[in-house]
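**Q** Have a look at this one before I ask anything.
The values are calculated or read from the model by the stated rules, or taken from the named source; none is laboratory data. Please read all numbers here as calculations on a predicted model, not as lab measurements. Please note: Cβ atoms are built from the backbone with ideal geometry, for glycine as well, and neighbour counts cover all protein chains shown.
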Amino acid sequence: MASAGRSTDVLANATSFFNGRRLTMARQLAGLRKARLAELIEMSPASVTGWENGAKQPNRATVAKLALALRVEPQFFAGGAPPRVEKPHFRSLRSTPQIALDEAEAYGQFVTEIAGLLEKVVELPETLLPDFPVAPDETDTSPEQAAREARVFFGINAGPIQHVVRLVERAGVVVVFSEPGISAIDAYSLHTGNRPIIVLNPAKDDYYRQRFDVAHEIGHLIMHHDAEPGGKVAEEQANRFAAEFLMPAEEIREYLPTTTAGRGWVKIAELKEHWGVSFAALLYRARMLGVMRDVTYRNAMIRMSQNGWRRAEPGRVSSLEAPSMLARAREVINDAGIGDEQLLSGAGFPASLFEVVTSRTPVVASI
């Protein structure tokens, strides 16, 4: 009876303080359009719209249905406004459905709330990220200059960066894998009112490409506070930043092969293991630095496709760099005797997504 009474109290509270913006967040997080959610709870899309914009308030029974359909606890809707996040930097906006973009943005809000929840109990690293804005016309600073200054800021010595994810987490950036439902979207990043976030694709199981993805997103966070997300110029600048950040021109230029003929591929394979970057990134670097001619680069990329390396390159490292900031915070809290259920009880967060956000390894969709 006590449990039933508690459930009634939770529903009553959620109904009294129902926040329509949290319904929007939960719906987008579940990857549902308004019409589909309305169908699941046997109500009209107009009702869902009214609840989300605050024109209407759902009754207790409806709140229970919404919570069940969206896999959250009823008290989730009684929370404050979702955290403010800037538009995420996506690689390809044109080819990505709006519902997937909304889901990714809502996931960023969810990650922000989880980080804030953990930070109430455990002290997380201070956010120390440099700000080197790069304009579209690069009048004052180029992406390469920003990358060199970033290496100095982070205290990176000459040579390869040993662990890119650990480096950015030490700077207070939250790094997580995305939920399986939005794995079609490549890595993306976003600024929030609290901490910058980088979200990695769980299906992209490649150590070398993951490192470039993280460097690419760090470039956005450092250079592009005001740039239009998904813009061709900003994306190209982030690629150039990542290339210089991971493979400084002064250190790698003389070792890049001019051709893939002879021992060319052997040299590229050796550089891949030394710098921790992909064949594709090395070929891109050789071309951008003028070491490799355009026609040679194109032929090399054709060879990559013929060998199946555009999808899966050969390499010695099979495990990904693991994010640990939120995972470690959760472990510390659990070790102190506070279980996940107790930690999440007041907020009503979906436990399955909490598991994904605080995981050191990617969670992939089951077949």
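**Q** Of the conditions (1) under 23 Å from ALA150 (Cβ atoms); (2) of a type in the set (A, V, I, L, M, F, W, C); (3) outside the structural domain of TYR107 (by TED's automatic domain parsing), LEU221 satisfies every one except a single condition; which number is it?
**A** Of the numbered conditions (1) under 23 Å from ALA150 (Cβ atoms); (2) of a type in the set (A, V, I, L, M, F, W, C); (3) outside the structural domain of TYR107 (by TED's automatic domain parsing), the odd one out for LEU221 is (3).
**Q** Condition first: under 25 Å from the mean Cα position of the chain (by Cα) and of a type outside the set (D, E, K, R). Now tell me which residues in region 335-348 satisfy that.
**A** Answer for region 335-348, where residues must be under 25 Å from the mean Cα position of the chain (by Cα) and of a type outside the set (D, E, K, R): LEU343, LEU344, ALA347, GLY348.
**Q** Which helices (runs of 4 or more DSSP H) does region 181-273 wholly contain that include 3 or more residues that are modelled with pLDDT of 95 or more and closer than 21 Å to ALA135 by Cα?
**A** By residue number, 207-223, 232-246.
**Q** For GLN109, which of the numbered conditions (1) over 25 Å from LEU353 (Cα atoms); (2) at pLDDT below 95 fails to hold?
**A** (1)
**Q** Shifting gears a bit: Being over 26 Å from PRO82 (Cβ atoms), touching a residue at least 60 places away in the same chain (Cβ under 8 Å) and among the small types (Gly, Ala, Ser) is the requirement here; does ALA215 meet it?
**A** no
**Q** Which condition does ILE198 not pass, out of (1) at negative phi; (2) in contact (Cβ under 8 Å) with a residue 40 or more places away in the chain, if it passes all the others?
**A** Among (1) at negative phi; (2) in contact (Cβ under 8 Å) with a residue 40 or more places away in the chain, ILE198 violates only (2).
**Q** Hey, another quick one. Report yes if ILE302 is surrounded by 13 or more Cβ atoms within 10 Å (Cβ to Cβ) and either among the hydroxyl-bearing types (Ser, Thr, Tyr) or more than 26 Å from the chain's Cα centre (by Cα) (or both), otherwise no.
**A** No; evaluated as a whole, the condition is false for this residue.
**Q** Could you tell me which numbered condition ILE302 fails, if it satisfies all but one of (1) aliphatic (A, V, I, L, M); (2) farther than 21 Å from GLU144 by Cβ; (3) in a loop (DSSP other than H, G, I, E, B); (4) at pLDDT 95 or above?
**A** Checking ILE302 against (1) aliphatic (A, V, I, L, M); (2) farther than 21 Å from GLU144 by Cβ; (3) in a loop (DSSP other than H, G, I, E, B); (4) at pLDDT 95 or above, the one that fails is (3).
**Q** Also, I was wondering about something else. Condition test on VAL291, is it surrounded by 13 or more Cβ atoms within 10 Å (Cβ to Cβ) and closer than 19 Å to GLY262 by Cα?
**A** yes
**Q** All but one of (1) assigned by TED's automatic domain parsing to the domain that holds ALA238; (2) in a loop (DSSP other than H, G, I, E, B) hold for PRO314, so report the exception by its number.
**A** For PRO314, the failing item is (1).
**Q** Would you call GLY155 of a type in the set (Gly, Ala, Ser) and in contact (Cβ under 8 Å) with a residue 24 or more places away in the chain?
**A** So GLY155 does not fit the description; no.
**Q** Now a separate question. Which helices (runs of 4 or more DSSP H) does region 321-367 wholly contain that include 1 or more residues that are in contact with a Lys or Arg (Cβ under 7 Å, 6 or more places away or on another chain) and without any contact (Cβ under 8 Å) to a residue 60 or more places away in the chain?
**A** 325-335
**Q** Follow-up question, since we're still on this one. Output the qualifying pairs, or none if there are none: Cβ atoms under 8 angstrom, residues six or more apart or on different chains, first residue in region 55-75 and within 16 Å of ARG33 (Cα to Cα), second residue part of a helix (DSSP H, G or I) and among the basic types (Lys, Arg).
**A** Close Cβ pairs (under 8 Å, with a partner that is part of a helix (DSSP H, G or I) and among the basic types (Lys, Arg)) amount to LEU70/ARG27.
**Q** Spot the failing condition for ALA147; the list is (1) under 20 Å from SER324 (Cβ atoms); (2) crowded, with 20+ Cβ neighbours inside 10 Å, and only one is missed.
**A** Only one criterion in (1) under 20 Å from SER324 (Cβ atoms); (2) crowded, with 20+ Cβ neighbours inside 10 Å is unmet by ALA147, namely (1).
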